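Where a number appears in this text, it was derived from the coordinates with a stated rule and is not lab data. What you see is a predicted model; the values in this text were computed from it and never measured. Every residue, glycine among them, receives a Cβ derived from its backbone with ideal geometry; neighbour counts consider all protein chains shown.
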């Protein structure tokens, strides 16, 4: 009779362990779903809020070969863009493709300003071949 009781206790213990495991998995799944939902909600809010609509683009740096308008035209930023939807890497690559541009740094100044810092190369000399400068 004692052996039967210990068997039942072991079986109940396994059931209790399974229930405990299932409860933990359910809680973990719920927390994961809530976390992902909040991340999605915050990103959706940041991308759709009018508060973060681009209103001003500042170009900083010592520009000798380019005008601010040239930099803005090459950056190709639409004026109604959301500050968080802009790909800063793509804009940076477009600007670095210009001749004499050494480095470009772009950052957001919240709530509605994009700052572009441009560093130009300083040439040691220029060679004029009658048609082109090198």
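Look at the alpha carbon pairs under 8 Å that are at least 6 residues apart: their mean separation over the length of the range 1-121 gives a relative contact order of 27 percent.
Taking every DSSP beta bridge that has both ends in the chain, the antiparallel portion is near 65%. For the range 37-134, the Kirkwood hydrodynamic radius comes to 15.2 Å, computed from all pairs of different C-alpha atoms.
Starting from the eigenvalues of the Cα gyration tensor, five times each then square-rooted, give me the equivalent ellipsoid semi-axes of the range 11-69, largest first, whole Å. Spell out each step's value before the answer.
On the way: eigenvalues 627, 39, 5 Å².
With the √(5λ) rule applied to the range 11-69, the semi-axes are 56, 14, 5 Å.
Legend: calculated FRET efficiency, residue 85 to residue 119, from the Cβ-Cβ distance at R0 = 41 Å, rounded to 0.05, equals 0.95. Against the main long axis of the alpha-carbon atoms of the chain, helix 2-48 sits at an angle near 20°.
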